[in-house]
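One structure is given below, encoded as structure tokens.
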Amino acid sequence: MASDNYSGSDIVVLKGLEAVRMRPGMYIGSTGTRGLHHLIWEILDNGIDEHLAGFCSRIDVTLKKDGGIEIADHGRGVPVDLHPTEHIPAVRVVYTILHAGGKFSNSIYKVAGGLHGVGASVVNALSKKMTVEVRRDGKIYRDEYENGGQPTVKLENGLLPVVGKCAKNDTGTKVLFYPDDTIFETVEFKPEIIAKHLKESAFLNKGLLLNFKDEINGTETKYYEEDGIKSYINYLVKTGARDNEGFRTLIPEPVYIEGTSGDIEVEVAFTYTNSYTEQINSYCNRINVVDGGTLVTGFKSGLTGVMNKYARELGVLKEKDENFDGKDIRNGIVAIVSIKHPNPQFEGQTKTKLGNNDAKQAVEDVFTDEVTHYFDKNLEELRPSLTIH
């Protein structure tokens with residue numbers, strides 16, 4: 001039973017990373033398998049953001065034999081110089097202080113998946129041990145943490161000691177961490193979950209090599225896709241055909257369009273199948289927003305408008321007929337909607353839904369304009385999807 005004596009001494013102030021350890025679900029969604037693997041995605045996103053900025057073409061992910069995860073990008077390397085206000089190395093700021101990072105500055109990242117500045121520090125807070133190694137300017141720096149982000153490396157004049165040398169063009173950041181088994185329901189990473197996510201990330205990041213080494217099972221797999229989300233559609237269709245007998249597409253090739261509205265870049269790829277279900281995967285800054293949001297709303301609105309327009313031009317809909325319902329139009333569709341947004345507003349740190357209203361308008365405008373041009377050129381091969389649905 002709660003006490004009647006409620007005073008200032010009962011107000012608990014959580015400092016540093018304590019809040020993350022006290023309420024991990026607020027930051028990673030859960031302490032189950034999904035939350036555990038979300039730790040990987042947070043660190044991986046930082047490397048992908050370097051790729052989006054044009055500074056990284058390869059990321060190596062290693063599942064260690066002892067259960068740890070190592071993620072090494074070949075980007076610019078997290079800064080190691082003295083932070084002007086915190087008076088510790090900038091890399092330590094990033095990994096120990098919430099809401100600290102380069103994602104808040106448009107001069108560093110035009111678009112980025114990790115925008116809250118909490119990803120790296122949250123992973124550290126929920127790990128029993130973490131090592132961060134930075135390669136910059138021909139030097140190698142290493143910082144180490146334990147028990148939820150407590151630094152163990154002694155600074156020299158406020159800076160990290162140099163632990164080695166490397167070529168000046170050999171830059172990047174390598175993070176090795178071990179999740180805290182007192183927080184998570186399980187700390188056993190699933191190779192199949194990691195592999196699926198890396199394959200998906202390769203489709204969404206043309207020109208980025210993702211190398212996955214599984215030391216537990218002794219395997220190594222490289223993921224690299226040149227045709228981006230168009231190849232992703234073909235992969236999803238192939239997977240559907242494997243899992244469902246008789247599953248097939250109704251048009252020869254996926255429709256692919258791209259364009260820009262204001263500062264928002266839009267990519268859409270889709271095809272139609274003989275299924276009665278719809279599958280729409282949505283991404284913002286290469287982050288899978290599994291619950292969709294405004295970018296999916298924009299796609300659905302644009303698709304409904306365009307399909308009804310051509311249904312009338314083809315005579316499928318007569319003048320007296322009502323427009324097709326959006327759900328009917330989306331029967332059998334397999335689609336990917338991917339945008340790059342300079343200031344996305346995700347719902348929650350786990351980024352499962354996008355809330356920007358301008359994203360809806362951008363997707364609808366770009367889709368309507370570009371797919372209209374595409375349909376005008378390829379109407380005959382698209383006729384089956386326009387007449388069946």
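Taking each DSSP H run with n ≥ 4 as -39500 (n - 2.57) and averaging over every residue of the chain yields -10500 deg cm²/dmol at 222 nm. Subtracting the Cα-Cα distance of Thr260 and Lys139 from 0.36 nm times their residue separation leaves 39.5 nm of extension gain. Simple spin-label estimate for Arg312 and Lys327 gives 2.4 nm between the two label positions (7 Å along the Cα-to-Cβ direction from each Cα). What the Cβ-Cβ distance of Asp358 and Ile216 gives, at R0 = 51 Å and to the nearest 0.05, is a FRET efficiency of 0.70. Counting only residues at least eight positions apart within a chain, or on another chain, the aspartates and glutamates with an alpha carbon under 14 Å from that of Lys154 are Asp143, Glu144, Glu146.
Pairs exceeding 21 Å between alpha-carbon atoms, taken from Lys238/Lys309; Lys300/Lys327; Lys64/Lys238; Lys129/Lys165; Lys168/Lys199; Lys190/Lys340: Lys238/Lys309; Lys64/Lys238; Lys129/Lys165; Lys168/Lys199; Lys190/Lys340. To the nearest 10, the accessible area of Arg312 is 90 Å² with a 1.4 Å probe.
Of all DSSP beta bridges confined to segment 219-361, the antiparallel ones make up roughly 75%.
Peptides 144-152, 224-232, 297-305, ordered by how many other C-beta atoms sit within 10 Å of their residues on average, highest first, read 297-305, 224-232, 144-152.
Positive end of the dipole of segment 172-241 (Cβ unit charges, origin at the Cα centre): among Leu198, Gly228, Thr186, the Cα lying farthest that way belongs to Gly228. Contact order, relative form, for the chain: 15 percent (alpha carbon pairs under 8 Å, 6 or more residues apart, mean separation divided by residue count). Beta bridges from DSSP with both residues in the chain: antiparallel share about 80 percent, rounded to the nearest 5. One chain, two ends: Glu192 and Lys165. Fully extended at 0.36 nm per residue, the span grows by 6.2 nm beyond their Cα-Cα distance. Basic side chains Lys and Arg get +1 at the Cβ, acidic Asp and Glu get -1 at the Cβ, and with that the dipole of segment 235-335 about its Cα centre reaches some 200 debye.
Label separation (Asp66 vs Glu185): 2.8 nm, computed from points 7 Å beyond Cα along the C-beta direction. If R0 is taken as 25 Å, the Cβ-Cβ distance between Glu319 and Thr372 corresponds to a FRET efficiency of 0.75. Of all accessible surface on the chain at a 1.4 Å probe, what whole percent is carbon and sulfur? Its accessible area is 47 percent carbon and sulfur atoms.
Residue separation of Ala53 and Glu380 scaled by 0.36 nm, minus their Cα-Cα distance, works out to 113.7 nm of gained length. Coupling constants for segment 138-144 follow from the phi torsions by the Karplus curve (6.51 cos²θ - 1.76 cosθ + 1.60, θ = phi - 60°), and in residue order they are x, 10, 10, 10, 9, 10, 10 Hz; glycine and proline get x. FRET efficiency for the Glu18 to Asp291 pair, using the beta carbon distance and R₀ = 25 Å, is estimated at 0.30.
The values are calculated or read from the model by the stated rules, or taken from the named source; none is laboratory data. Everything numeric here is computed off the predicted structure, so don't read it as measured data. Using ideal geometry, Cβ is built from the backbone for each residue, glycine included, and neighbour counts are taken over all protein chains shown. Note: accessible area is taken over every heavy atom of the protein model, side chains too, but ligands, DNA and RNA are not part of it. Shrake-Rupley method; radii C 1.70, N 1.55, O 1.52, S 1.80 Å.
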